[in-house]
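The values are calculated or read from the model by the stated rules, or taken from the named source; none is laboratory data. Every value quoted in this text rests on a predicted model; they were computed, and no experiment measured them. Reconstructed Cβ throughout: ideal geometry from the backbone, glycine too, with neighbour counts over all protein chains shown.
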Amino acid sequence: MISSRWPRSSDILPQSPMHREFLLGLKSSVFYLPSLGTDGSHHCGHLLNNIDILNLNRNTAYSFVKLKYRQAPIIMSTATEPTFSFATTAEEVATTFSNEIKGKNVLITGSSVGGLGFETARVIAKYAKLVVITGYDEERLKLSEDAIKKDVPNANIHRLTLNLTSFASIRKAAEAVNANPEPLHVLINNAAAPFVDFKLTEDGLETQLATDHVGPFLLTKLLTPKLLGAATPTYTPRVVFVSSVGHSYGTGVDFEALTSPKPEKYVKPNAYFQAKSANILTAIELSKRSNGKINAYSLNPGSIFTNGFTNANTVPLFKEMGLLLPDGKPNPTAVQWKTIPQGAATTVAAAFDPQLNDKPGAYLEDSVVANDKVASHSSDPVTAEKLWTVTEQLIGEKFTF
Ligand SMILES: NC(=O)c1ccc[n+]([C@@H]2O[C@H](COP(=O)([O-])OP(=O)(O)OC[C@H]3O[C@@H](n4cnc5c(N)ncnc54)[C@H](OP(=O)(O)O)[C@@H]3O)[C@@H](O)[C@H]2O)c1
């Protein structure tokens, strides 16, 4: 969480990785202080007395502190220190990384009011140069724009029509983005069509896998030149894939369901779990193949009562699964629910946390890296490579970096 006070020695926990790094840091002259905790119950006493605070913004979780008795500055990263928690909100994460968001252009798919994409767009819009929101329904897209502008009157919002079940729509949307002279710094693949009935798309794909994996894959491919154009010596463009804990259920991507979908073999939740597994694999493979030119991340936002839980299509299934009560409200004993602001936090962290710069392909939960929570079938490099090749064949295009 973000501290609203100046740092104390108690911000460094004895025996924590940060403390150990701190001790190592005594050999150098500048120490990179990570996000400040609010827990003031621990002490490392005299150590901070040797430090001058050089530059600390109360609203920023990063500071440089200089040890008095050394001169030449070096910077240490304490990337492993968990700064955020289950309860952290997207607004808090955006405030923390406001300097990283400033000047950036961001495209977020699936931005309907009442969903995670909307909240992500809303908090980013407070600082970003441009936020492109997308949807296949013009009316809902306009509602999202109006709601963001009501809250952030100066926000620079562009509406983009995008139907991820249609290659033609994706190509048209990408053309519009590519025609805009503005660079694109961050692409957030958030949209999904969870648990829908079996239906083939106009391109012959099953709808969930098309919306949640193949469509975002094509969009990412078409926007890759634009993303690459946003790179600078100090900035690497990012692609974020909103996955789910569901990635760990089942056995991972079913290549037959992806390439030759059959209604008799279709099981709604399984298609969702496969698509969410594909999101993580794609983030890993994109990071690998771009070889440092694009950093991709995936994440689990948690369990959040969004539009996805009020859809006539999904409600009966979620009731059956015990996630919803008979009256359609979230079952508090089934899972630990997050609010929408809490649910969108991890997406904002994946898009802007500078501590992730040297962790391409990372998977996040509760706004911090959680690679240990990825099921093996969703991180297997052979599967990641196979999925990439098969999906390139499905879209009929190959990435170039
Ligand atoms: N809520 C959770 O508990 C939870 C848990 C784990 C992961 N997630 C993930 O979080 C992401 C956001 O979901 P959410 O919970 O915020 O649900 P949501 O409000 O239903 O968001 C899904 C978004 O995707 C859009 N979408 C659906 N089909 C599309 C298509 N064919 N083309 C373009 N956009 C399309 C929806 O637009 P319309 O509103 O116009 O249909 C909506 O804006 C998803 O990737 C989901 O898998 C959510």
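Yes or no: F352 closer than 19 Å to T109 by Cβ and at pLDDT 95 or above? Walk me through how you get there before you give the answer.
Details: closer than 19 Å to T109 by Cβ: yes; at pLDDT 95 or above: yes.
Taking the combined requirement at face value, the residue satisfies it.
Yes or no, residue by residue, for (1) charged (D, E, K, R); (2) under 18 Å from H185 (Cβ atoms); (3) not assigned by TED's automatic domain parsing to the domain that holds S298:
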{"residue": "P326", "(1), (2), (3)": "no, no, no"}
{"residue": "N331", "(1), (2), (3)": "no, no, no"}
{"residue": "Q336", "(1), (2), (3)": "no, no, no"}
{"residue": "A351", "(1), (2), (3)": "no, yes, no"}
{"residue": "G361", "(1), (2), (3)": "no, no, no"}
{"residue": "E365", "(1), (2), (3)": "yes, no, no"}
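Note on region 212-234: among residues that are in contact (Cβ under 8 Å) with a residue 60 or more places away in the chain and within 10 Å of the ligand (Cβ to nearest atom), the one that is farthest from the chain's Cα centre (by Cα) is L219.
Kindly indicate the residue of region 181-204 that is within 15 Å of the ligand (Cβ to nearest atom) and loosely packed, with under 15 Cβ neighbours inside 10 Å and also nearest to F118 (Cα to Cα) among those meeting that condition. My answer is D197.
Might you check whether a residue that is modelled with pLDDT of 95 or more, buried (at least 21 other Cβ atoms within 10 Å of the Cβ) and touching a helix residue (DSSP H, G or I) at 6+ places or on another chain (Cβ under 6 Å) occurs anywhere in region 319-329? Among the residues of region 319-329, at least one is modelled with pLDDT of 95 or more, buried (at least 21 other Cβ atoms within 10 Å of the Cβ) and touching a helix residue (DSSP H, G or I) at 6+ places or on another chain (Cβ under 6 Å), which makes the answer yes.
Go through A283, A334, A278 for me and flag whichever is among the hydrophobic types (A, V, I, L, M, F, W, C), within 26 Å of D197 (Cα to Cα) and under 22 Å from the mean Cα position of the chain (by Cα). Don't jump to the end; show me each part of the working.
Details: A283 fails: within 26 Å of D197 (Cα to Cα); A334 fails: under 22 Å from the mean Cα position of the chain (by Cα).
Of A283, A334, A278, the one residue that is among the hydrophobic types (A, V, I, L, M, F, W, C), within 26 Å of D197 (Cα to Cα) and under 22 Å from the mean Cα position of the chain (by Cα) is A278.
One residue stands out in region 125-159 among those that are touching a residue at least 40 places away in the same chain (Cβ under 8 Å) and within 14 Å of L184 (Cα to Cα): the one that is farthest from the ligand (Cβ to nearest atom), namely K129.
So in region 235-245, with the set limited to residues that are more than 13 Å from Q274 (Cα to Cα) and either touching a Ser or Thr at 6+ places or on another chain (Cβ under 6 Å) or not in a loop (DSSP other than H, G, I, E, B) (or both), which one is farthest from the ligand (Cβ to nearest atom)? Don't jump to the end; show me each part of the working.
Of region 235-245, the ones more than 13 Å from Q274 (Cα to Cα) are 235-242.
From what's left, either touching a Ser or Thr at 6+ places or on another chain (Cβ under 6 Å) or not in a loop (DSSP other than H, G, I, E, B) (or both): 235, 238-242.
Working: Y235: 26, R238: 17, V239: 14, V240: 11, F241: 8, V242: 4 Å.
Checked region 235-245; the qualifying residue farthest from the ligand (Cβ to nearest atom) is Y235.
Listed by first and then second residue, the pairs linking a residue in region 174-193 that is at negative phi and of a type in the set (V, I, T) to a residue that is assigned to a loop (DSSP other than H, G, I, E, B) and within 14 Å of the ligand (Cβ to nearest atom), with Cβ atoms under 8 Å apart and 6 or more places separating them unless they lie on different chains, are I188/T109.
Of the residues in region 246-268, not one is closer than 14 Å to L107 by Cα, surrounded by 18 or more Cβ atoms within 10 Å (Cβ to Cβ) and either within 13 Å of the ligand (Cβ to nearest atom) or modelled with pLDDT under 95 (or both).
In region 269-298, which residues are in a helix (DSSP H, G or I), touching a residue at least 40 places away in the same chain (Cβ under 8 Å), within 14 Å of the ligand (Cβ to nearest atom) and crowded, with 17+ Cβ neighbours inside 10 Å? Matches in region 269-298: A271, Y272, Q274, A275, K276, S277, A278, N279, I280, T282, A283.
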